[in-house]
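Asker: The structure follows.
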Amino acid sequence: MVIKYEPLNRREKIVRLFREAIEAENRKDLETAKRKLDEILHESIDVEPEFYFEACFRIADIFIQEDNYRGAVKCALRAIMRAPSNDHYRLGVRRLGDILEIMKVKGRLSELSENMEATLKLIKEDGELHHFVEALMRIARGERVKEKFSLKEFNEVIEVLSG
C-alpha cells in the first residue's frame, strides 16, 4: 500500500507562499507578492478552491495599491467564477462591490466602459454574472441601469454605483 502525502504538502506549500506574499506586500515589494500569489493560483486552481479565491482577492488588493483597477476587477471576477460555495460567491460579489466603490470615489469607474471583451469571455459560463458585468459597463458609460438581478448582492452593488 502506498500512502501519498501530496495534498498536505501542497497545502503546506500554499500556506508558506501566502506568508511569503504577505511579508513581501508588507515590505512594499508588490512584484514579489504578486509572483507568490500567482504561484498559489497555479497550485490551487482545481484542488484548493478556498485558497484560489483568497489569492485572487489578495492580487486584487495589490492591483488597487498600484492603481490598476481593471486588473483588480478581473481578479475579483476570477475568484467569483471559481467560488467554492454559494457563501463565497456572495462574499466575492460584495468584495467586488467594494473595489467598484473605490473606483467610483476615485473617478475611475469609466475604465470599465470599454475593452472588457476578455473579461466578459472569462465569465461567459455564469449567465447572471455576465449580465451583471454588462450592466456595470453601462453604468461606467453613464447609462442608467434599472434591471433587477436574482442575487441580492448584485442589486446592492448596482444601487451603490447608480446613486
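Asker: Once every DSSP H run of n ≥ 4 in the chain is given -39500 (n - 2.57) and the sum is divided by its residues, what mean residue ellipticity at 222 nm do you get, rounded to the nearest 500 deg cm²/dmol?
Answerer: On the way: 8 runs with 117 residues, N = 163.
Calculated from helices alone, the mean residue ellipticity at 222 nm is -23500 deg cm²/dmol.
Asker: Return the label of the correct value of percent of Cα pairs over 23 Å apart, as calculated from the structure shown, out of (1) 46; (2) 41; (3) 51.
Answerer: Working out percent of Cα pairs over 23 Å apart from the coordinates points to (2).
Asker: Further, regarding this structure: Students often get this wrong: which residues of the range 132-146 have the backbone nitrogen under 19 Å from the point 7 angstrom along Cα-to-C-beta of E114?
Answerer: Counting backbone N atoms under 19 Å from the label point, the list is 134-144.
Asker: Each label point is 7 Å from the Cα along the Cα-to-Cβ direction; what then is the distance between the points at E159 and E147, in nm?
Answerer: Label at E159, label at E147, 1.9 nm between them.
Asker: Among the chymotrypsin sites (Phe, Trp or Tyr not before Pro) within the range 1-85, which fall in a DSSP loop and have no more than 11 other Cβ atoms within 10 Å of their own Cβ?
Answerer: Those that pass, being in a loop and sparsely packed, are Y5.
Asker: Separation between the E134 and N86 pseudo-spin-labels, each 7 Å from Cα along Cα→Cβ, expressed in nm?
Answerer: Those two pseudo-labels are separated by 2.5 nm.
Asker: Mind listing the phi-derived Karplus ³J(HN,Hα) values for the range 45-56, rounded to whole Hz, using 6.51, -1.76 and 1.60 with θ = phi - 60°, and x for any glycine or proline?
Answerer: 3, 10, 10, 9, x, 5, 5, 4, 4, 5, 5, 4
Asker: If you don't mind, there's one more thing I want to ask. Could you run the Karplus curve 6.51 cos²θ - 1.76 cosθ + 1.60 with θ = phi - 60° over the range 80-93 and give me ³J(HN,Hα) per residue in whole Hz, x for Gly and Pro?
Answerer: Karplus-based 3J(HN,Hα) across the range 80-93 equals 4, 4, 10, 4, x, 7, 4, 5, 5, 4, 5, 4, x, 5 Hz.
Asker: Over the range 1-147, what is the mean sequence separation of C-alpha contacts under 8 Å (at least six apart), divided by residue count, expressed as relative contact order in percent?
Answerer: 14 percent
Asker: So what's the range 17-105 giving for Rg/Rh, alpha carbon basis, Kirkwood Rh from the mean inverse pair distance?
Answerer: Reported Rg/Rh, Kirkwood definition of Rh: 0.96.
Asker: Given R₀ = 25 Å, what would the calculated FRET efficiency be for H42 paired with Q65, taking r from the Cβ atoms and rounding to 0.05? Intermediate values should be presented prior to the final figure.
Answerer: Working: r = 22 Å, r/R0 = 0.89.
It comes out at approximately 0.65.
Asker: Which length gain, in nm to one decimal place, applies between K121 and R11 when the Cα-Cα distance is subtracted from 0.36 nm times their residue separation?
Answerer: Contour length minus the Cα-Cα distance gives 36.6 nm.
Asker: Here is a follow-up. Which longest run of the chain has no exposed loop site in it, a site being GluC sites (Glu not before Pro) in a DSSP loop with at most 13 other beta carbons within 10 Å, and the site itself not part of the run?
Answerer: Numbers: sites that count: E66, E114, E125, E143, E147.
Excluding the exposed sites themselves, the longest stretch runs over 1-65.
Asker: Follow-up. Take every Cα pair under 8 Å in the range 98-152 that's 6+ residues apart, average their separations, divide by the length, and report that relative contact order as a whole percent.
Answerer: 34 percent
We did not get these values from a lab; they are worked out from the coordinates using the rules stated. No experiment lies behind these values; they were computed from the predicted model shown. Positions of Cβ are backbone-derived with ideal geometry, glycine not excepted, and every protein chain shown enters the neighbour counts.
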